[in-house]
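Some notes on the structure that comes next.
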Amino acid sequence: MTTTALEKLKHIEKNTLGMALFLINEAVFFALLIIAFVNFRNSVKSGPNAAAALEPLTTALFTVALLSSSFTIRQADKNLERKNHARMLAWLVATIALGGIFLVGQGMEYRRLLTNDVTISRNIFGSTFFTLTGFHGLHVLVGLIMLATLAAFAFSGGLKGPKSSGMAAISLYWHFVDVVWVVIFGIIYVWTAGLIKF
Amino acid sequence: MTDIPLVPETTRPLPTLGSSEGLISWVASVDHKQIGIMYLISSFLFFVVGGFEALLMRTQLAQPNATFLSPEAYNQIFTMHGTTMIFLVVVPMLIGFTTYLVPLMIGARDMAFPRLNALSFWALVFGGLMLYYSFIGGGAPNAGWFSYAPLSERPYASTNGLDYWALGLLVVGVGTVAAGINTITTIWKLRAPGVTIRRLPLFVWMSLVNSFLIIGALPALNASLVMLLADRMLNAHFFAPAESGSAVLWQHFFWAFGHPEVYIMVLPAFGIISEVIPVFSRKPIFGYAFVAGSTVGIAFLSFAVWAHHMFAVGLGRPWDLIFGASSMLIAVPTGVKIFNWIATMWGGAIRFTTSMLFAASFLITFTIGGISGVTFAVVPVDWQVTDSYYVVAHMHYVLFGGTMFAVFAGAYYWFPKMTGRLLSETLGKWHFSLTFIGFNLTFFVQHFLGLMGMPRRVATYPDLPNWGLLNLTSTAGAFMLGVASLVFFWNVTASWRNGKEAGDNPWQAWTLEWATTSPPPIYNFDQVPPVKSRRPLWDLAHPENPDSRPRKPKVEQTDQ
Amino acid sequence: MFNPDSPQGLAISNLFVLTLLIAAGIFLLVAGLVVYASICYRRKPGQGEPYQNFGIPKLEVGWTVAPAVLLLGLFGVTFVGMGNADPAVEKDRAPDIIVTGYQWWWGVSYPQAGVISANEIHMPAGKRMLVRLIGGDVIHDLWIPRLGRKMDMVPGHPNEMYMQADTPGVYIGACAEYCGVQHSKMLIRAVVQTPTEYDAWLKTHSAPAPAHPDAAFALRGQQLFQQKTCISCHAINGTAANAQIGPNLTHVASRQTLAAGVLQNTPENMAAWIKNPQQIKPGSYMPNLRLTDDEIKALVAYMETLK
Ligand code: HEA
Ligand code: HEA
Ligand code: CUA
Ligand SMILES: [Cu+2]
């Protein structure tokens, strides 16, 4: 670690530090769910597996939405620093909208799977898939609620900038949820469902 | 989103538990001292419950082919005993000490997130109650404290006991993680001027490392519990071999948590020992850097040894070898600590208060437990003794002979700070003697039982030569421990009411918590004394020979 | 485990004694130092503060390195010991014996001889047998202390190991992985015979049971066996009974114990077991079939013909 990074760590804001530590905890949590998925990727004996059940391209679409929301929240952050209240708010709302699109996409995917009788109890693919993506979806939902609270707070005149520990912590969380999805998408859709053949 | 405000500053002394206004102020409290004390009280209450369960088990096992308990009852009781002692006694007890002491030791006014702190505590209470509700709600969990699948799956455990088990532990687990986050943030952000990282009291160091272990390990448990619950409630198949699930995966997942957990249960205890031994030997800790550094070593290694609980599973030679080697390795940093503590006593002027008696015998009893741990790392030996009473002996030597001895040492040491009154030394010495004898009586013979072929978790055993006698000895020891505990609780209640006044610093100790009144006011310090070394109060008491003075080479430098 | 009767067991025993000696040495060192310090460095009346020693790095490095070196040695011995205690299984070798753990009894079969038995492992003295271990429902663990290592029987994860006993005799063991209500009543024994006796044993036990027992009373027992649902759980080779839920009873009368080591195998105990298994082994998967004493007598008579 360079000295500046160490300096930064020394002066890290309290809530941000708390959130960062919490995210270490979440990372381990997801790591186990992911390991379970990978471990069982070839164990399906009856019923569909990832390749048969999933439509990676459709999912790729709403993945783009989630990924761009990382960009939008970054913009919101920047505008907060510049004390540009209106723009900050707009970017915040955009983030919420993109997160919402992702969740709707995931909801549609779930509906399609469930109507095709791919459920958590159908086989080991269902068990690992729904648990992993379900917990991720839950995290997105929690993120959306936090973002919405933040936006409401900004609407009623709060969040003037240039700094907000709440904003910093929440955007850290949001980036984390994004990164986890990148890993999940890579493993489930790109690799096991065969979006790209290796 | 503004920062969470700290508790409003007042000069009122801590309210007592007696008055009704007092009770409410405890329940609604976000003060780290009150929460710390509540942690300690509730975990001692759970200790009585878990101990009572142990006495039931020992009564059943006193004789071969006994029928005092039905096998079903016995299985529920040993599961609840292990779960209680680990999740509701040892871990929260150590968190209690941490919550109470860390802010005081670093000269802070409270924890970084006082409300989160209260949440951690109440999560413990509710999780614990949920676990115990299972007794009324259709049968307690009965798959052991590590609930191996598929025995813990719905087809083999059809009552709701295991659901309560998983949900209760999930709630407790979330609270524990919150406590870990809180502790790290507190230590990182709220140190008083002069309290640098390299001047932290060792207890704080160990709590810091311990909290990192918590946030690295507890989520593994939480994730496993979630998957188990998915299996049990949503009919998923993670750990059901009949449906392509894996029984071995559960073991990997559980022990990836479970082994770090055993160090979570001992590091703060090491911290307590590292405070008590120097003060009663009237010397600084020998080799601060080694003691602190070895803790970090233990923490890293502890994530790399989990499969030593699985030597009998048949993972294959390479796994067994690697995990045998890493398990042996962990003896090295632990040994460093033991030798440094002995060296701290060496050349000192030791006062054998009850606290010091517990600390000194900790060195011996923990070493026995540690060494039997190393015999497991000699893999073929583990192939013989795993899942036998030899393992039961090991874990009680490290958990009781280690952690609980340290906890008692800490209790006698800090009780005056928490209450303003000293515990009775006369009763204390009775408590110590009974505990020491009873403990060794109970658990030493279990080594032999294990070697003679007695498996653990058996509700009863056949009448083979000497088995009855050794078990009877163990039972007698357990009841002695029961009496010892009664002496302790009597001491605590009596001394809390009318023990000797302690004064601010009864042991002439050196760390910051002794620089304020006993008990400390709500805001902790009128003024934090200047901190120029690891022992600020020594510097004040010995202006002619302060630690902050540069030292001759050869002797380790204190951080400037 | 201190009285091993197999090369594998001996290897472990020796390793353990060595480890124990090292352990005893370390314990005496630590305990000795603590006791010595406790006696010699007590505070003397009127004593001031002692010399404030902050540490001697050289010494500390010493007691970091010394245990590390010792452990390196111990690891070496462990490595060698593992090979002796659990010799690697040759590839493509078919198992001599298959032991399957079920909730609270053991299925034991000899695939090469076509024998199916329960709760007793027969072995020829001095011969290395390859044993395959299977978990039939939950995890169990085969542990016969005098014969060496224990090994788990994990569903979905079959294991293999060599077992050997050098002198004829009976070696008792138990299930060493907690497996539910009657885990404590899941005992097993290895019956070690001279190779000739063993071969004879295999021979008699590969024969099916007589289709019709000679004695009339036993014949009635056989009919009852078929009527009273016994047949839905138990197999008796050579008859219509072929269910796999309970132990195979083709040669039940020749076993030493009943219900996984819980009862001596006598006609009285057999009657008691059939009358009410739930009293003898509460929670066991054999129900109380509420038979009359007469029916039980006939069934026992039939069982006793199954040598
Ligand atoms: C406080 C908790 C605690 C601690 C600190 C330890 C410490 C250690 N434990 Fe233990 N362990 C448990 C709690 C703990 N354990 C529990 C609860 C179980 C049972 C779980 C269950 O199945 O229910 C268990 C089980 C367990 C097993 C599995 C046994 C089995 O089921 O088959 C193993 C195997 O390797 C093991 C190893 C070790 C080792 C190597 C250490 C080492 O850290 C010990 C290091 C310390 C020393 C060695 C002593 C001091 C050192 C010196 C004086 C230096 C010189 C020494 C040498 C050179 C040897 N432990
Ligand atoms: C810190 C942890 C801890 C502590 C302190 C203890 C304390 C004790 N333990 Fe425990 N034990 C475990 C952790 C702990 N145990 C674990 C993890 C397991 C494994 C569980 C599993 O296999 O899943 C286990 C398993 C275990 C077993 C093996 C069960 C089996 O495998 O079948 C036994 C058997 O003797 C035992 C005994 C005892 C005894 C006698 C005490 C004594 O030290 C207790 C002394 C305390 C008291 C006696 C309390 C005082 C109470 C009173 C004074 C009230 C008296 C009230 C009345 C009489 C009304 N324990
Ligand atoms: Cu089978 Cu324990
Ligand atoms: Cu371990």
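The values are calculated or read from the model by the stated rules, or taken from the named source; none is laboratory data. Here the structure is a predicted model, which is why all the values come from computation and not from measurement. Cβ coordinates were reconstructed from backbone atoms using ideal geometry, including for glycine residues, and neighbour counts include every protein chain displayed. What goes into the accessible areas is simple: the full protein's heavy atoms, side chains included, and nothing from ligands, DNA or RNA. Shrake-Rupley method; radii C 1.70, N 1.55, O 1.52, S 1.80 Å.
Numerical summary
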item	result
Probe 1.4 Å, protein heavy atoms only - accessible area per residue of chain B in square angstrom	31
Amide proton proximity set for C:D141, modelled H, under 5 Å, gap of 5+	C:M153, C:A176, C:E177
Per-bin percent of Cα-Cα distances, segment B:467-525 [5 Å]	4, 15, 13, 12, 13, 10, 9, 8, 7, 6, 3, 1
Scaled radius of gyration (Cα, divided by 2.2 N^0.38 Å) that segment B:391-497 gives	1.27
Computed log₁₀ I(q)/I(0) - Debye formula, equal Cα scatterers, no solvent, segment C:48-139, q 0.11, 0.13 Å⁻¹	-0.58, -0.68
Straight-distance crosslink candidates among lysines, where the alpha carbon sits under 22 Å from C:K281 and sequence neighbours closer than 8 are dropped	C:K185, C:K228, C:K297
Per-pair calculated FRET efficiency, R0 = 35 Å: B:A73 and B:I41 via Cβ, rounded to 0.05	0.75
The protein assembly as shown: mean projected area of Cα convex hull, nm²	46.2
Inter-part distance where segment C:33-53 and segment B:180-235 are each reduced to a Cα centre, Å	37
Solvent accessible area, Å² - B:W306, 1.4 Å probe, full protein context	60
Rounded to whole Hz, the Karplus (6.51, -1.76, 1.60) HN-Hα couplings of segment B:345-359, x for glycine and proline	5, 4, x, x, 10, 7, 10, 8, 6, 4, 4, 5, 4, 4, 5
Isotropically averaged projected area of chain B, using the convex hull of Cα atoms (one quarter of hull area), nm²	26.7
Contact order normalised by residue count of chain C, Cα under 8 Å, 6+ apart, percent	16
Per-residue HN-Hα couplings for segment C:274-288 [Karplus 6.51, -1.76, 1.60; θ = phi - 60°; Hz; x = Gly/Pro]	5, 4, 8, x, 5, 7, 7, 9, x, x, 4, 7, 9, x, 7
Debye-sum result for segment C:1-88 in log10 I(q)/I(0), which assumes one identical scatterer on each alpha carbon, at q = 0.24 Å⁻¹	-1.20
B:R198 accessible area, assembled protein chains, probe 1.4 Å, Å²	130
Between segment B:402-450 and segment B:130-170, the alpha-carbon center distance in angstrom	32
Lysines with Cα under 23 Å of B:K337, excluding same-chain neighbours fewer than 8 positions away	B:K283, B:K554, C:K58
Dipole axis of the protein assembly as shown (+1 Lys, Arg; -1 Asp, Glu on Cβ), positive-most option in B:W496, B:Y164, C:M129	B:W496
log₁₀ of I(q)/I(0) at q = 0.30 Å⁻¹ - segment C:192-248, Debye sum with one point per alpha carbon	-1.13
Segment B:310-350, Cα convex hull volume normalised per residue, Å³	58
Rg and Dmax of chain C, Cα atoms only, in Å	27.2, 98
For C:E160, distant residues with modelled amide H under 5 Å away	C:L133
Rg and Dmax of segment B:152-250, Cα atoms only, in Å	18.9, 61
Where labels lie 7 Å past Cα in the beta-carbon direction, separation of C:F79 and A:N39 in nm	2.9
Positive minus negative residues near C:Y171 (Lys, Arg vs Asp, Glu; Cβ under 9 Å)	+1
Simple spin-label estimate for C:I172 and C:Y51 in nanometres, 7 Å along Cα-Cβ	6.1
Eligible lysines near A:K14 by straight Cα distance, threshold 16 Å, same-chain separation 8 or greater	A:K163, B:K189
Heavy-atom SASA rank of C:E90, C:E160 (probe 1.4 Å, accessible area, largest first)	C:E90, C:E160
Long-range amide H partners of C:W106 with built H, under 5 Å	C:N119
Probe 1.4 Å - accessible area at A:Y173, Å² to nearest ten	10
Ranked order, C:K58, B:K429 - accessible area, probe 1.4 Å, largest first	C:K58, B:K429
Order of exposure, largest accessible area first, which applies to C:L258, C:L28 with probe 1.4 Å	C:L28, C:L258
Other protein chain Cβ atoms within 10 Å, averaged over every residue that makes up C:253-265	0
Percent of Cα pairs exceeding the 19 Å cut-off, where the set is segment A:1-130	68
Per-selection Kirkwood Rh - segment B:301-398 (Cα, Å, 1 d.p.)	14.9
Rounded FRET efficiency, nearest 0.05, which uses the C-beta distance separating B:S433 from B:L55 and R0 of 25 Å	0.80
C-alpha center-to-center spacing [segment C:1-20, segment B:499-540] in angstrom	56
Whole-angstrom Cα spans of segment B:433-560 along principal axes, big to small	68, 47, 23
Rg/Rh ratio calculated on Cα atoms of segment B:364-454 (Kirkwood radius)	1.13
Reference-scaled alpha-carbon Rg (2.2 N^0.38 Å with N residues) for segment B:258-303	1.27
Inter-label distance for B:A494 and B:W319, nm, one decimal - labels placed 7 Å from Cα along Cα-to-Cβ	5.4
Folded to 0 to 90 degrees: helix B:288-302 orientation relative to chain B principal axis, Cα	20
For the pair B and A, total buried accessible area rounded to nearest 100 Å², probe 1.4 Å	2900
